[in-house]
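The values are calculated or read from the model by the stated rules, or taken from the named source; none is laboratory data. Computed from a predicted structure; not experimentally measured. Methodologically, a virtual Cβ is constructed for each residue, glycine included, from the backbone with ideal geometry; neighbour enumeration extends over all protein chains shown. With ligands, DNA and RNA removed, areas are computed over all heavy atoms of the protein, side chains included. Shrake-Rupley method; radii C 1.70, N 1.55, O 1.52, S 1.80 Å.
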Amino acid sequence: MTINAVVFDAYGTLYDIQSVAAVTEQAFPGYGDIITQIWRIKQLEYTWLRSLMRRYEDFSVVTRDSLAYTLRVLGLSYDATAFDRIMEKYLHLDLYPDASAALASLKGKKLAILSNGSSDMLNALVNNTGLDRVLNATISVDRKRVFKPAPEAYTLIEEILGARPDEVLFVSSNPWDACGAKSFGLNVAWIERVTPQAMAEACIKSDVVPPLTMFKALRTQMDELGVTPDHRIRALSELSGIVRQT
């Protein structure tokens with residue numbers, strides 16, 4: 001196995017989706033945490049539902065609809081200005097602290113993002129955070145009009161980068177994405193940012209499970225889907241060691 005390309009998921013892998021909590025809390029004091037977690041859960045759910053229903057809308061629409069759902073079910077009133085201010089954060093998400101250094105350490109390989117994000121959202125985010133200077137491509141599933149983990153979405157890697165699945169290391173912290181990529185035939189590194197032990201301790205210490213803990217239980221633990229990532233890592237900084245071994 002020779003790795004010629006390293007392809008990253010964007011949201012939750014290179015970019016910290018929890019960084020939206022600052023703006024949700026500012027807009028709705030006391031509700032920031034619950035808004036952030038429900039919003040992300042519904043956002044993902046809508047990508048899967050729309051793929052199954054074959055009623056594709058790009059990620060900006062999905063993100064707006066899932067935020068509208070969240071505010072409605074929580075009984076929160078808002079105006080267009082407040083809504084748009086929260087949405088704007090998706091164009092300025094925080095990079096994980098080790099992201100830039102990890103990408104720099106992989107110099108010489110083709111580097112890309114493959115994301116459910118819409119082209120406009122991804123291009124703005126990548127440009128705003130300076131990753132446009134190190135990435136060879138920013139790939140949106142818009143081209144296939146179906147969301148990951150549908151197999152068609154992963155075919156974009158070979159189409160655009162010219163790298164066969166066995167030449168690609170796909171990196172994601174999202175278990176459903178790691179499973180989808182592995183099922184498709186890519187080499188996969190899953191970033192396990194929250195261990196089962198940490199989850200167990202968080203639940204034991206809490207009489208009432210907070211929204212973030214519930215989100216972590218639902219979306220950060222490896223799924224039971226009959227496939228296993230090739231590499232289980234704790235941080236992006238471990239990728240260079242994996243690539244050097246190939």
*What number, rounded to the nearest 500 deg cm²/dmol, is the helix-based mean residue ellipticity at 222 nm of the chain, given -39500 (n - 2.57) per DSSP H run of at least four residues and division by all its residues?*
-14000 deg cm²/dmol
*What does the accessible area per residue of the chain come to in Å², with a 1.4 Å probe and no ligands, DNA or RNA counted?*
47 Å²
*Please state, to two decimals, what the Cα-based radius of gyration of the stretch 1-131 comes to when divided by 2.2 N^0.38 Å (N = residues).*
1.15
_For the chain, alpha-carbon Rg and Dmax in angstrom_ = 17.7, 54
_Running a GNM on the chain with Cα contacts under 10 Å, which residue among 206, 66, 183 ends up with the highest mean-square fluctuation?_
206
*Decide, for the stretch 77-198, between rounded, prolate and oblate: order the square roots of the alpha carbon gyration tensor eigenvalues as a ≥ b ≥ c, take rounded if a/c falls under 1.5, and otherwise choose prolate if a/b is larger than b/c, else oblate.*
rounded
*By how many degrees, between 0 and 90 and to the nearest 10, does the Cα long axis of helix 151-161 differ from the longest principal axis of the chain?*
50 degrees
*Show the residues, 5+ positions off or on another chain, whose built amide H is closer than 5 Å to the amide H of residue 109.*
none
*the stretch 91-160: which trypsin sites (Lys or Arg not before Pro) are DSSP loop and have at most 13 other beta-carbon atoms within 10 angstrom?*
107
*Using DSSP loop states and a limit of at most 16 other Cβ atoms within 10 Å to flag GluC sites (Glu not before Pro), what is the longest stretch of the chain containing no flagged site?*
58-223
*In cubic angstrom, how much convex hull volume per residue do the alpha carbon atoms of the stretch 126-227 span?*
138 Å³
*Would you mind checking which residues have amide H under 5 Å from residue 187's amide H? H placed 1.01 Å from N; only 5 or more apart, or other chain.*
168, 170
*Which whole-Hz ³J(HN,Hα) couplings does the stretch 11-21 yield from phi under the Karplus relation 6.51 cos²θ - 1.76 cosθ + 1.60, θ = phi - 60°, glycine and proline marked x?*
6, x, 10, 8, 10, 7, 5, 5, 5, 6, 4
*In debye, nearest 20, what is the charge dipole magnitude of the chain about its Cα centre with +1 on Lys and Arg Cβ and -1 on Asp and Glu Cβ, if you could check?*
280 debye
_Listed residues 117, 226, 162, most fluctuating in the chain (Gaussian network, C-alpha, under 10 Å)_ = 226
*Tally Lys/Arg at +1 and Asp/Glu at -1 over every other residue whose Cβ is under 14 Å from the Cβ of residue 234; what's the total?*
-1
_Using only Cα atoms and rounding to the nearest 10 degrees, what angle (0 to 90) does helix 175-184 make with the longest principal axis of the chain?_
30 degrees
*Can you count the Lys pairs in the chain whose Cα atoms are under 18 Å apart, with each pair 8 or more apart or on different chains?*
5
*Would you mind checking the tilt of helix 119-128 against the longest principal axis of the Cα atoms of the chain, expressed as 0 to 90 degrees and rounded to 10?*
90 degrees
*asked:* Could you compute the net charge surrounding residue 209? Neighbours are other residues with a C-beta less than 13 Å from the C-beta of residue 209; K and R count +1, D and E count -1.
replied: -1
*For the stretch 32-134, give the magnitude of the charge dipole about the Cα centre (Cβ charges: +1 Lys/Arg, -1 Asp/Glu; no others), in debye to the nearest 20.*
380 debye
